[in-house]
1. With n ≥ 4 as the cut-off for DSSP H runs, can you work out [θ] at 222 nm for the protein assembly as shown, using -39500 (n - 2.57) per run divided by the number of residues, rounded to the nearest 500?
2. Return the sequence-ordered ³J(HN,Hα) values of segment B:106-112 in whole Hz as given by the Karplus equation 6.51 cos²θ - 1.76 cosθ + 1.60 applied to θ = phi - 60°, using x for Gly and Pro.
3. Would you mind ranking B:Thr115, B:Thr11 so that the residue whose beta carbon has the fewest other beta carbons within 10 Å leads the list?
4. Sticking with the crude label model, points 7 Å out along Cα→Cβ, report the distance from B:Thr108 to A:Lys96 in nm, one decimal please.
5. Counting other Cβ atoms within 10 Å, which GluC sites (Glu not before Pro) in segment A:69-117 have at most 16 and lie in a DSSP loop?
6. Do you know the relative contact order of chain A, to the nearest whole percent, from alpha carbon pairs under 8 angstrom that are 6+ apart?
7. Which pairs in the list A:Lys91/B:Lys75; A:Lys12/B:Lys75; A:Lys57/B:Lys91; A:Lys4/A:Lys91; A:Lys57/B:Lys12; B:Lys67/B:Lys91 are over 29 Å apart, alpha-carbon to alpha-carbon?
8. In nm, what does the list of distances from A:Arg78 to its counterparts in the other copies look like, shortest first, when each label sits 7 Å along Cα to Cβ?
Number of protein chains: 2
Amino acid sequence: MATKTLVAASTKPLVLSILAHGENYGYQIIKEVEQISEGVLQWTDAMLYPVLGRMEKEGLIRSHWVKTEQGRRRKYYRITLLGEENLAQEKQQWLKVNYAFVRLWGLTDTPYSPTKA
Amino acid sequence: MATKTLVAASTKPLVLSILAHGENYGYQIIKEVEQISEGVLQWTDAMLYPVLGRMEKEGLIRSHWVKTEQGRRRKYYRITLLGEENLAQEKQQWLKVNYAFVRLWGLTDTPYSPTKA
DNA sequence: ATAATATACCTAACGCAATTAGGTATAAAT
DNA sequence: ATTTATACCTAATTGCGTTAGGTATATTAT
């Protein structure tokens, strides 16, 4: 299981990234995330639904209700233009922070060495 | 500038990673982070000092005061064995979440495609 | 000389978001 | 007939960054 803060940092960009591949609904998004993270991220619905609500309020995603043939109701979300812009920004930030770690962990050809005082 | 949540997620592992390269003190750690993140992460001292205090309380780092020749006092921190273990865990988690993004963003040879309902 | 900036540490109140712990409702499986 | 899976929602608690202060010394600029 990932730390609380890592969960918090990855939630929004993960949702946006998944919805960038096509519309989807909350319950399914949770499963996609568990699968794609290989079990590291196990979201609860109580965590995700408020997130989706906030993101819709921010205009990053839009929702519409769908009634399936089995009689279930699903709230499908799709990414908006604003959401795509937001994703691009979050992606850049993540990659830069990741690059910092990569250098700190010696996984690059330009590794980190402490500044001399 | 990075988002609040991304800052929160990266703070502890960054501190541990830097101290894994040798002991250091708060004010300098802030500068190391700014440099290594290429300006993306601009920590404030009011953010870092409580973090260092908590991490020491958790036993991840140890501190000792040093008086420099210039007459300044510095609180140097070094990583503990527990801190090294913690870093190894955080590192694994980060890499797994990062790999999820890498796949979602198509930066791999085993990319993500949504589950068919 | 004096003012401003850099160094170096600390604390307190506020806001935001995950966690925990509930709840409702229907369909499928045991 | 009961349990599990599907599918959504809300409220109280907790943790942590942010904002806004504070103290003290050394260096640089005016």
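1. On the way: 8 runs with 129 residues, N = 234.
After summing the helix terms and dividing by the residues of the protein assembly as shown, the value is -18500 deg cm²/dmol.
2. Rounded to whole hertz, the list is x, 9, 9, 8, 10, x, 7.
3. Details: B:Thr115 11, B:Thr11 18.
Ranking B:Thr115, B:Thr11 by Cβ neighbours within 10 Å, fewest first, gives B:Thr115, B:Thr11.
4. Placing both labels 7 Å beyond Cα along the Cβ direction yields 2.5 nm.
5. Details: sites: A:Glu69, A:Glu84, A:Glu85, A:Glu90; in loops: A:Glu69.
The qualifying sites are A:Glu69.
6. Details: 107 pairs, mean separation 27.2, N = 117.
Rounded, it is 23 percent for chain A.
7. As for pairs spanning more than 29 Å Cα to Cα, those are A:Lys91/B:Lys75; A:Lys12/B:Lys75; A:Lys57/B:Lys91; A:Lys57/B:Lys12; B:Lys67/B:Lys91.
8. Label-point distances to the other copies, shortest first: 6.0 nm.
The numbers here are math on the coordinates, done by the rules we state, and not lab data. From a predicted model like this one, the values you see are computed outputs, not experimental measurements. Every residue, glycine among them, receives a Cβ derived from its backbone with ideal geometry; neighbour counts consider all protein chains shown.
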